[in-house]
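Below is one structure, written out as structure tokens; the observations come after it.
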Amino acid sequence: MTDPLFAAMRQSVIDGDPDTVERLAQEALARGVDPLDAINLGFVPGIHFVGEQFGRGEMFLPDLVMGGEAMKIAVAILEPEMRRRGTARETLGVVVLGTVKGDIHEIGKTLVMTMLSASGFQVHDLGVDVAPERFVAKAREVNADLVGLSALLTTTMPGQRLVIEALDREGLRPRVKVMVGGAPVSHAWAETIGADGYGEDAAAAVTLARRLVGRPVA
Amino acid sequence: MKPHLDLLDADLVRRVLDEAFTILGGTGARVQSEAARTLLTSRGAPADGEVIRFPEALIREALATAPRSFALYDRAGHPAVRYGEGVVQFDPGSSCVHVLDPDTGQHRESRSADLVRLVQVAEQLPAYSAQSTAMVCADVPEGIGDLYRLFLVLWHSDRPVVTGAFTAASTGAMLDLLAAESGSREAMSSRPRAIFDVCPSPPLHWSDFAADSLLLLAAARVPAEIVSVPLAGATAPVTLAGAVVQHAAEVLVGITIHQLAGPGAPLVWGGAPAIFDMRTGGAPMGAIETAMLDAACAQVGKSLGLPTHGYLCGGDAKLVDAQAGMETAFAALVGVLSGIDMISGAGMLDFLACHSVEKLVLDAEAIEMAKRFGRGIEPVGDSLAADLFSRIGLSGEFLKLKETRARFRDEQYLPGPVIDRGSLRHWEEGGREDAFARARRRVAELVAAYRRPDLGAERERALLEVVRREAARVGLTSLPGI
């Protein structure tokens, strides 16, 4: 009887319906469903679907954002039980993500977070207006594989370079890879500042992240 | 409120009709068809040779029996096009003789394969509620050209069709074909699939062919779209108001002939008016004044309570370029705001001589945008914005609101892939395509995705029987395009 539950979980993420997501996650706990299965077989296929449809232009930013919010709710409910059982989601890698200091633009970064989470990365979102030292501290704390830096303005773009320099100074690189994105950012800019890669959009960020952690898309 | 455009004030509409009645009662109109003249004179219209003078009471009588609304039906029998119900609908332009070859950029003669390609693409574009017999096919003998292109459209489409005949004789054969398609004469009349454009010749001349076609259509009770084509400055008064009067008079003659022959038979107050270009002698279909004429002529028809038609979104550019886009965009917006029931012309270039399937795809976007404009700005929910702010404060998290997700598709028209709203980089990496290049790709995708509707063996047999009969008459042995 778990299959219909998983199907409903998938649909609840596609619908971006937080109430249903919450109810289904609680139901999984009550029934003793492995929380890892609930995430990987139930909710994740939903956000995968949304991401894929978004990439094709069949679904839209509100779908992606609400799907991402739904995923967060599911994981928040299921995580305590996972910890209790001593299980953890297998991740492709750990990512620390944020918009650089002086820049309060959130949407692009949030989309990248949603897509990376959906693809199996463990993502720590530092939010917006993040100082270089916070990136460094978080990367060290969570033993990050990747740091993602967003900047929407030509005036805040140089902030990406400051984070890279800070990571260099603290000796975290080259183990920690840095990917950059944002409207004014380009491959050329990424090269100039010594980043490990640049992604044009959220889907490109996933491809890039997988390549940087040595798990490229087959 | 829905935005609406009225170019004429109520007094001017009255003056237009008053003068139209004055012209028809005094100068009269030339009616070449003897059958139509006999009908008119038997009802008291004085004749002087071919010139008939129309008493206002006779015209009023015809107007009284003309239906206020009717529908065209798709193959499944659903009313897919509604005339006279306030819905603005579009169909591709009709009767071009050239196509813009997307590979060579040349205007070359149109052939069956070109018409089929256009039908396949239009079939998948929701902007077009109806198909049209869009092209004259050079690989089909002239004697059955009109019938054959209708056959090709019926063969490849489920949608209603805006069509027209080249001769009165072929109107009869085309009605045979439509009866075969519908299963019977009764079904053809009760659930008509097609409407026939019938054009008087300006000024105020109803040819044998045009008037006889009206009689046939009225008898068969198959819808007629009376498309008057005054050229302001050459075959009609140069003032737009004067040309609108002539248009009204020409259509009123058609309505009178049609309704006297078949009271209550469905008809449309149509038009393809244009100004006359004083530099080139052309009839610029993309001129803003042409759009104004369409709007004004339709307004007069609506004042009489009749379903309306106009000819917009075709233009005079030779390529699918900035001029072509400008011509369609102006016209689509004017057409939608004027509330014209059916607007023909999309896809056309070069004064309607040339079709471009790629332009048809781009025009569909302008049409959808104009339709969006036509829906206006309406309040949604009890609170416009205050309620949202009370919930999310200054966080700016509108993308996370379920209202955003639920409403954006209604609030925004989401354009297809031919409209570029991506980043510069995306565009550069995608090969720096212009709108025409994107439209070419889109056409190729649509042609590849097209699946011919299932007509059923019985219907196919019935259609082929009529077509083979007519083909044999003109010595056509193979049937191109099927």
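A few remarks follow.
- Taken together, the residues in region B:422-433 that are away from every other protein chain (no Cβ under 13 Å) and either exposed (fewer than 14 other Cβ atoms within 10 Å of the Cβ) or at pLDDT below 95 (or both) amount to 2.
- Criterion violated by B:E445 - all others in (1) within 11 Å of chain A (Cβ to nearest Cβ); (2) within 28 Å of the chain's Cα centre (by Cα); (3) of a type outside the set (F, W, Y); (4) surrounded by 12 or more Cβ atoms within 10 Å (Cβ to Cβ) satisfied: (1)
- Counting only residues that are among the aliphatic types (A, V, I, L, M), at pLDDT 95 or above and assigned to a loop (DSSP other than H, G, I, E, B), region B:1-57 holds 4 of them.
- Answer residue from region B:183-203, given it is surrounded by fewer than 24 Cβ atoms within 10 Å (Cβ to Cβ) and closer than 15 Å to B:I257 by Cβ and is nearest to the chain's Cα centre (by Cα) among those: B:C199
- The residues listed here are A:G171, A:G159, A:G182; of these, the one that is over 19 Å from A:L92 (Cα atoms) and free of Cβ contacts under 8 Å to residues at least 12 places away in the same chain is A:G171.
- Test: residue in region A:37-45 that is in contact with a Gly (Cβ under 9 Å, 6 or more places away or on another chain), closer than 25 Å to A:A202 by Cβ and more than 14 Å from chain B (Cβ to nearest Cβ): yes
- Criterion violated by B:L125 - all others in (1) in contact with a Ser or Thr (Cβ under 7 Å, 6 or more places away or on another chain); (2) surrounded by 20 or more Cβ atoms within 10 Å (Cβ to Cβ); (3) assigned to a loop (DSSP other than H, G, I, E, B); (4) not hydroxyl-bearing (S, T, Y) satisfied: (1)
- Contacts under 7 angstrom Cβ, first residue in region B:182-195 being at negative phi, partner modelled with pLDDT of 95 or more and surrounded by fewer than 19 Cβ atoms within 10 Å (Cβ to Cβ), 6 or more apart: B:S182/B:R191; B:S189/B:R221; B:R191/B:G77
- Residue match in region B:372-390 (condition: in a helix (DSSP H, G or I), within 14 Å of chain A (Cβ to nearest Cβ), surrounded by 14 or more Cβ atoms within 10 Å (Cβ to Cβ) and over 29 Å from the mean Cα position of the chain (by Cα)): yes
- B:A272 passes every criterion in (1) surrounded by fewer than 24 Cβ atoms within 10 Å (Cβ to Cβ); (2) in contact (Cβ under 8 Å) with a residue 60 or more places away in the chain; (3) at negative phi apart from (1).
- Matching residues in region B:401-416 - criterion: being surrounded by 15 or more Cβ atoms within 10 Å (Cβ to Cβ) and either away from chain A (no Cβ under 12 Å) or among the polar types (S, T, N, Q) (or both): B:T404, B:Y413
- Filter pass, B:P453 being within 27 Å of the chain's Cα centre (by Cα), surrounded by 12 or more Cβ atoms within 10 Å (Cβ to Cβ) and within 13 Å of another protein chain (Cβ to nearest Cβ): no
- The single condition among (1) farther than 30 Å from B:A64 by Cβ; (2) in contact with a helix residue (DSSP H, G or I) (Cβ under 9 Å, 6 or more places away or on another chain) that B:D350 does not meet is (2).
- Count of residues meeting criterion [assigned to a helix (DSSP H, G or I), more than 17 Å from A:R89 (Cα to Cα), free of Cβ contacts under 8 Å to residues at least 40 places away in the same chain and more than 18 Å from the chain's Cα centre (by Cα)] in region A:25-68: 3
- Residue that is surrounded by 14 or more Cβ atoms within 10 Å (Cβ to Cβ), among the aliphatic types (A, V, I, L, M) and more than 27 Å from B:G481 (Cα to Cα), where the choices are B:V88, B:V81, B:V97: B:V88
- A:I77 within 13 Å of chain B (Cβ to nearest Cβ), buried (at least 18 other Cβ atoms within 10 Å of the Cβ) and either farther than 21 Å from A:T110 by Cβ or among the aliphatic types (A, V, I, L, M) (or both): no
- Output for region B:247-267, where each listed residue is touching a helix residue (DSSP H, G or I) at 6+ places or on another chain (Cβ under 8 Å) and of a type outside the set (A, V, I, L, M, F, W, C): B:H247, B:G254, B:T256, B:H258, B:Q259, B:G262, B:P263, B:G264
- Meets criteria (farther than 28 Å from A:G55 by Cβ and either more than 14 Å from chain B (Cβ to nearest Cβ) or out of contact with any Asp or Glu (no Cβ under 7 Å at 6 or more places or on another chain) (or both)) for A:P184: no
- Among the conditions (1) out of contact with any Phe, Trp or Tyr (no Cβ under 8 Å at 6 or more places or on another chain); (2) within 12 Å of chain A (Cβ to nearest Cβ); (3) more than 30 Å from A:H187 (Cβ to Cβ), the only one that B:I419 does not satisfy is (3).
- Of the strands (runs of 3 or more DSSP E) lying entirely inside region A:83-172, the ones with 3 or more residues being crowded, with 17+ Cβ neighbours inside 10 Å, away from every other protein chain (no Cβ under 14 Å) and modelled with pLDDT under 95 are found at A:121-125.
The values are calculated or read from the model by the stated rules, or taken from the named source; none is laboratory data. Values in this document were obtained by computation on a predicted structure and should not be read as measured data. Note that each Cβ is placed from the backbone with ideal geometry, even for glycine, and that neighbours are counted across all protein chains shown.
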